[in-house]
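Here the structure is laid out as structure tokens; the discussion comes afterwards.
Just so you know, all these numbers are worked out from the coordinates, no wet-lab data involved. Fair warning: this is a prediction, and the values are worked out from it, not measured in the lab. Every residue, glycine as well, gets a Cβ built from its backbone with ideal geometry; the counts of neighbours run over all protein chains shown.
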Amino acid sequence: MRKNTYRAVVGVLAAGAVALPGIAAASGGTDAAGHRGCAARFDEAQRIDMESFRDFDAEAWRDVHHEDAVSVYASGHRFDGLDAIMAAQASHFENREAIWTWTEIDRHVYGCKTAVIEYDATYELPSVGFKSRALTVVTYVFERGRWLAVYDQGTAFPAGS
């Protein structure tokens, strides 16, 4: 299981590197606490990413995403660039009815460069009886002193799981 998770994470990182060649790597510097400071800042960025989506805070959610971000939904739809992603999520932030829950499965923080986090995530719209559960992997880059989500991909769990 651990080996398959490692292969999946490496695959997502490789896909992100191929899909986003123009994104610069980390700034290279560390703060006084070294890489532990980067890890703490990652915790904060990751928390803001998840909670701002849950709480319908479009500005905070936008702020933790890279301009060149790519999002691939469990449905297979792909959105390239932050403006396209925000447009695809407009109804989520406007309607404020979805229930977004997640459980962290695994994470890897590679110093002050990249980080990958894997979730078991559920998105529900009770008013229309919609429920989607997906394995969601988000890749972040550390750029100009900030962690930014740069690539996320959801893989739907089989119905009923």
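With R₀ set to 30 Å, the beta-carbon distance separating Ala88 from Tyr110 gives a calculated FRET efficiency near 0.60. Taking amide H positions as modeled 1.01 Å from N, with prolines and chain starts lacking one, the residues under 5 Å from His65 and 5 or more places away or on another chain are Ala149. Computing Rg and the Kirkwood Rh from the Cα coordinates of the stretch 111-161 gives a ratio, Rg/Rh, of 1.15. Based on alpha carbons, the Rg and Dmax found for the stretch 33-156 are 14.2, 48 Å. In the stretch 33-156, Cα pairs under 8 Å separated by at least six residues give a relative contact order of 25 percent.
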